[in-house]
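A quick write-up on the structure given underneath.
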Amino acid sequence: AQTVTQSQPEMSVQEAETVTLSCTYDTSENNYYLFWYKQPPSRQMILVIRQEAYKQQNATENRFSVNFQKAAKSFSLKISDSQLGDTAMYFCAFMPDEGNQFYFGTGTSLTVIP
Amino acid sequence: NAGVTQTPKFQVLKTGQSMTLQCAQDMNHEYMSWYRQDPGMGLRLIHYSVGAGITDQGEVPNGYNVSRSTTEDFPLRLLSAAPSQTSVYFCASSYEGPQGSYEQYFGPGTRLTVT
């Protein structure tokens, strides 16, 4: 069974500062995909960043980057230069290579403070 | 493209009533899924489909039925609503892109309350 754990239910960061959200997962699969999704108060789920497990290079998307540690089964999200619009719930998700089932963590509520 | 659409946005049901949550996508995606989101529990997979005519159970399928007669539509049926089904429901679609990558596109969600 696949499980995804986000151990920080709530976090806050000052505007323009950097924050890191943690995610760990448990799987026996060798090939898989990892995702971070953002859910603002509008409730819409928005893909932030994606990482393929077979790629050693960490994914980056503008101010968002990940620290992927495959051996440790860790997939943290770093948000640089935090903006007020980053205030949202963030979900880590895992998808095995075989099949299309996504497994989500319980989420981290991030508040950016002006 | 409209993406993934869900209707209704809000619904209140009485215990024992039945209803269908509608989901449609216009991106010709093979894969579609239904999730429920409860406080402190993230999103949990209810049912999913890998193509028209093919459905399978996810993590929390009890009390829900699905069908996939077309690529575009994937309705979720509550046969006899229970208060435990009070939740926010998300439909998602995805496709297998280059190098096996996937991305899920989510609908706006349906907030369901069962009294």
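General remarks:
- Charge dipole (debye, nearest 20) of the protein assembly as shown; +1 at Cβ of Lys and Arg, -1 at Cβ of Asp and Glu: 540
- Euclidean distance of C-alpha centroids, the range A:38-114 and the range A:17-34, integer Å: 8
- Placing unit charges on each Cβ (+1 for Lys and Arg, -1 for Asp and Glu) gives the protein assembly as shown a dipole about its Cα centre, and among A:T60, A:C23, B:Q57 the Cα reaching farthest toward its positive end belongs to B:Q57.
- When Rg and the Kirkwood radius Rh are both evaluated on Cα atoms of chain B, their ratio Rg/Rh stands at 0.96.
- Around the Cα centre of chain A, unit charges on the Cβ atoms of Lys, Arg, Asp and Glu (plus for the first two, minus for the last two) sum to a dipole of about 40 debye.
- Taking the convex hull of Cα positions in the protein assembly as shown, its mean projected area over all directions (nm²): 12.5
- Among A:F94, B:F74, sorting on how many other beta-carbon atoms sit within 10 Å of each Cβ, with the fewest leading, yields A:F94, B:F74.
- Among B:K14, A:K78, the ranking by other beta carbons within 10 Å of each residue's beta carbon, starting with the fewest, stands as B:K14, A:K78.
- Spacing of the two label points (7 Å from each Cα toward its C-beta) at A:N67 and A:Y54, in nm: 2.7
- Sequence of A:Y32, B:Y89, B:Y35, B:Y95 once ranked by neighbouring C-beta atoms within 10 Å, starting from the fewest: B:Y95, A:Y32, B:Y89, B:Y35
- For chain A, built as a Gaussian network whose Cα springs stay under 10 Å, the top-fluctuating residue of A:N67, A:N58, A:N100: A:N100
- Couplings 3J(HN,Hα) of the range A:31-40, computed from phi: 10, 6, 10, 10, 9, 10, 10, 10, 10, x Hz, in residue order, whole Hz [Karplus 6.51 cos²θ - 1.76 cosθ + 1.60, θ = phi - 60°; x for Gly and Pro].
- Two-site label geometry, A:K78 and A:E17: point separation in nm, points 7 Å out along Cα→Cβ: 1.7
- GNM on chain B, alpha-carbon springs under 10 angstrom: the most fluctuating residue among B:T20, B:T70, B:T86 is B:T70.
- Based on the Stokes-Einstein relation at 20 °C and a viscosity of 1.002 mPa s, and on the Kirkwood radius from alpha carbon pairs, the range B:16-62 is assigned a translational diffusion coefficient of 176 µm²/s.
- Taking the protein assembly as shown as the region of interest, the number of lysine pairs whose Cα atoms are within less than 26 Å, with members eight or more places apart or on different chains, is 9.
- Label-to-label distance, nm, for residues given as B:T15 and B:T70 (7 Å Cα→Cβ offset): 3.8
- Along principal axes, Cα extents of chain A, largest first, whole Å: 42, 27, 21
- Of the residues B:C23, A:T5, A:L34, the one whose Cα sits farthest toward the positive end of the charge dipole of the protein assembly as shown, with +1 on the Cβ of Lys and Arg and -1 on the Cβ of Asp and Glu, is B:C23.
Laboratory data are not the source of any read-out in this text; all were calculated from the coordinates shown. What you are looking at is a predicted structure, and each value in this text was computed from that prediction instead of being measured. Please note: Cβ atoms are built from the backbone with ideal geometry, for glycine as well, and neighbour counts cover all protein chains shown.
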